[in-house]
């Protein structure tokens, strides 16, 4: 099941007195905030469409300002609000790239080993991602997301065919 919205960050706190917020980016590419024209804040009172108009980078955080807010009081209630984008505003993926939200829950099959499971998490390690797979027999498999292991991904059928290298089980 594809999500309609993809999370790109979480507001941690107000920043300064002009309605800017500190954002912890949950995207692989924080620079994407420079070109972000519209986002959706998931507030306690519902969704709010915002238009980022100021972007700065500080350490591992993004400092964002929005057209809709111009004081610290305006953004004080936004702490811990996820920032989401529609699929139309999402970054364009290259071949063999997928959004984590789309991979979670996909069926995983190794026909050679006769194993089936469900992808439950994607762990970012720096070198390559690692897929956490809950096998039907209750075991857990950590499978590196490398060409030698990931044979085919069919997002329409929601099936990933894999090859489990010796020693991984």
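Brief remarks on what is shown
- Qualifying positions in the stretch 20-54 - over 13 Å from residue 83 (Cα atoms) and touching a strand residue (DSSP E or B) at 6+ places or on another chain (Cβ under 6 Å): 20, 34, 53, 54
- Verdict on residue 73 being touching a strand residue (DSSP E or B) at 6+ places or on another chain (Cβ under 8 Å) and surrounded by fewer than 13 Cβ atoms within 10 Å (Cβ to Cβ): no
- Members of the stretch 99-117 found to be in a loop (DSSP other than H, G, I, E, B) and surrounded by fewer than 17 Cβ atoms within 10 Å (Cβ to Cβ), listed by number: 104, 105, 111, 112, 113, 114
- Residues of the stretch 76-97 that are surrounded by 16 or more Cβ atoms within 10 Å (Cβ to Cβ) and assigned to a helix (DSSP H, G or I): 78, 89.
- Among (1) part of a loop (DSSP other than H, G, I, E, B); (2) outside the structural domain of residue 37 (by TED's automatic domain parsing), the one test that residue 121 misses: (1)
- Counted residues, the stretch 141-169 - those being touching a residue at least 12 places away in the same chain (Cβ under 8 Å) and exposed (fewer than 15 other Cβ atoms within 10 Å of the Cβ): 9
- Of the strands (runs of 3 or more DSSP E) contained entirely in the stretch 2-67, those carrying at least 3 residues that are surrounded by fewer than 18 Cβ atoms within 10 Å (Cβ to Cβ) and free of Cβ contacts under 8 Å to residues at least 60 places away in the same chain fall at 46-50, 52-58.
The values are calculated or read from the model by the stated rules, or taken from the named source; none is laboratory data. Just so you know, these numbers come straight off a predicted model, no measurement behind them. For neighbour counting, all protein chains shown are included, and Cβ atoms are generated from backbone atoms with ideal geometry for every residue, glycine included.
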